[in-house]
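Some notes on the structure that comes next.
The values are calculated or read from the model by the stated rules, or taken from the named source; none is laboratory data. This one's a predicted model, so the numbers in the text were calculated from it and none came from an experiment. All Cβ positions, even for glycine, are placed from backbone atoms using ideal geometry, and neighbour counts span all protein chains on display. Ligands, DNA and RNA are stripped out before the accessible areas are found, and what is left, the full protein with its side chains, is counted by its heavy atoms. Shrake-Rupley method; radii C 1.70, N 1.55, O 1.52, S 1.80 Å.
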Amino acid sequence: MDRVIIFDTTLRDGEQAPGFSMNTMEKLEMARQLARLQVDVIEAGFPISSDEDFEATREVARQVGTLENAPSICGLSRVGLGDIDRCWEAVKYARKPRIHTFVATSDIHLKYKLRKSRAEVLKAAVDAVRHARGYCEDVEFSPEDASRSDFDYMCDVLSATIEAGARTINIPDTVGYAIPREWGERIARIREKVQGLDKVVLSVHCHNDLGQAVANSLTALMQGARQVECTINGIGERAGNASLEEIVMALRTRKDYFGIDTGVRTEEIFKASRLLSHITGVHVQPNKAIVGENAFAHEAGIHQDGVLKEKLTYEIMRPEDIGRASNKLVLGKHSGRAALTARLKELGFALAGPELDRAFKAFKDLADRKKEVYDEDLMAIATDEVTQTVAPLYELDYLHVISGTGVVPSATVRLKKEGQTFQDSGVGDGPVDAVLAAIDAITGLKGRLQDYALRSATSGKDAIGEVAMKVDFDGTLVSGKGASTDVIEASARAYLSALNRVAQASAQRMKEVGP
Ligand code: KIV
Ligand code: ZN
């Protein structure tokens, strides 16, 4: 069967959207999951854009790109030769490095953004591809804003970049302007007109401004494109990119129609989606196709009746196909460490050592408070562990909150740090505010809450509450997450996880600078 290359750009296009930024450790965690998902290419970053992005791309190349059967690790670069050098410095450690270089070809971009002539842009594109080919064989070229570019001129640029050595030609609908039928025709015409295209991989990269990104990507595949660029949960600039899970599951579910396969292990999709939400603190809408909370929920009586009689009546995919736990009751308060380890393993989390110790403690605490512990609860605990980017400096030891109508909310908090305990109290305009004030009083650090999101991991009044927040510590914006059946405690944990990241980073800096 025909095979399409799945190029994941969650860590580049996805990450550059506001509210989705990830630090190096978070990108690494996500990249490991993308490798388990068996995508073909991970676009890990845009190395010239910042030192942090350079470092994250390099670490993904070093730590994930060197694994057995690792995906190709790609870095994005403008056509400047210095940009390409920097990109290569970051991706060169991977077994299969790729340089992806791009320049806009639409007259709008040439006139207002680049202030260059068509001839100048064509030359820059060719020079860039040649320069990149000096480093590696796997070079991709994209004419940015392709859907609004003059067709003949864009084809000239593509023919010239293939001649210069590009191995993949990617056609981006940068502003999400294309409509499926028109886009399909454009792809077909590109295949006819561009010289040498039959010897390279044709790719598409569609944005979702008009809600057409997945439809446009699938139409392009029907017209012969064999690489598709996409992101987990469809995150990306503005309205996002084409969603990986929707494309992959459409190809799988409608194999009869498309006759195209991917190498993706679909059972890893749900975990990838949840991990990304956990890392970024941004959850998908309940009705999101494939990974949304309601994607497999049958509410209407007539549907439930049909599903109970025969799943095929209303189900075109099985939740297990994407690795979605069926929310069954698994463990209880008497379950031991071995049972937890085995169940976590089935859910795809191989925890060991201190990570497992902490997860076990969290599980026991939860089982004490909650009658029923579901797979989703365990996933919340485990994801919390695997995204714990630094060993916690401060740990929550005790929390007491007084709050109510007509009462000034106050909190007493005790924290553990390096074997010692510290206690203080605070008041605020709500219980969460009071808890954070008490923590600030202990640590001497003052955080300003920039964003706060609370959701429940499972249904029911005793569900785990997951809190994600963004906190500004003296100009440094960090994210933190926490989970507990008590939402105030979850908030305290989320704040501490953010605080630990800054505290740890400054301790590290002190060590590097020396006494
Ligand atoms: O949307 C776009 O044009 C891009 C390119 C860099 C491929 O992200
Ligand atoms: Zn894009």
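Excluding ligands, DNA and RNA, the accessible surface per residue across the chain is 45 Å² with a 1.4 Å probe. Sparsely packed loop sites in segment 255-333 (the chymotrypsin sites (Phe, Trp or Tyr not before Pro) outside DSSP H, G, I, E and B with at most 15 other Cβ atoms within 10 Å) comprise 314. With contacts taken as Cα pairs under 8 Å and at least 6 residues apart, segment 349-465 reaches a relative contact order of 18 percent. Each 5 Å bin from zero holds the following percent of Cα-Cα pairs in segment 226-266: 6, 24, 29, 23, 12, 6, 1.
Across segment 5-280, C-alpha contacts under 8 Å between residues 6 or more apart give a mean separation that, scaled by the residue count, equals a relative contact order of 19 percent.
Computed on the chain, with alpha-carbon pairs under 8 angstrom and 6+ residues apart, the relative contact order is 10 percent.
Counted over the chain, the DSSP beta bridges are approximately 50% antiparallel. Compared with the dominant principal axis of the Cα atoms in the chain, helix 118-133 is inclined by about 70°. Taking Cβ atoms as reference points and 11 Å as the exclusive limit, the residues near residue 316 contribute a net charge of +2, counting Lys and Arg as +1 and Asp and Glu as -1. In the chain, the DSSP-assigned H stretches of four residues or longer account for a calculated mean residue ellipticity at 222 nm of -12500 deg cm²/dmol, using -39500 (n - 2.57) per stretch and the full residue count as denominator. Relative to the longest principal axis of the Cα atoms of the chain, helix 487-513 runs at roughly 70 degrees.
Ligands, DNA and RNA left out, the accessible area of the chain computed with a 1.4 Å probe is 50% carbon and sulfur. Rounded to the nearest 20 debye, the dipole magnitude of the chain is 540 debye, with +1 charges on Lys and Arg beta carbons, -1 on Asp and Glu beta carbons, and the Cα centre as origin. Divide the volume of the convex hull around the Cα atoms of segment 5-280 by the residue count and you get 112 Å³ per residue.
Judged by the gyration tensor of its Cα atoms, with axes a ≥ b ≥ c, segment 113-210 is prolate; a/c meets the 1.5 cut and a/b is the larger of a/b and b/c. Taking the average, over residues, of other Cβ atoms within 10 Å as the packing measure, peptides 110-117, 80-87, 170-177 rank 170-177, 80-87, 110-117 from highest down. Between segment 74-112 and segment 427-451, the C-alpha centres lie 43 angstrom from each other.
According to the square roots a ≥ b ≥ c of the eigenvalues of the Cα gyration tensor, what is the shape class of segment 413-505, taking rounded for a/c under 1.5, prolate for a/b larger than b/c otherwise, and oblate for the remainder? It is prolate, given that a/c is not under 1.5 and a/b is the larger ratio. What do you get for the angle between helix 24-37 and the principal long axis of the chain? Use alpha-carbon atoms, 0 to 90 degrees, nearest ten. It is inclined by approximately 70 degrees.
Taking each of 199/255; 96/123; 333/470; 193/288; 199/288; 361/470 in turn, the alpha-carbon distance tops 29 angstrom for 333/470; 193/288; 199/288. Prolate is the label for segment 237-375. Its Cα gyration tensor axes, ordered a ≥ b ≥ c, give a/c of at least 1.5 and a/b above b/c.
For the listed peptides 11-24, 406-419, a ranking on the average number of other beta carbons within 10 Å per residue, highest first, reads 11-24, 406-419. Packing-based ranking of 151-158, 276-283 yields 276-283, 151-158, ordered from highest to lowest mean Cβ neighbour count within 10 Å.
If one puts a single equal scatterer on every Cα of the chain and applies the Debye formula without solvent, what log₁₀ I(q)/I(0) results at q = 0.06 Å⁻¹? Here log10 of I(q) over I(0) equals -0.32.
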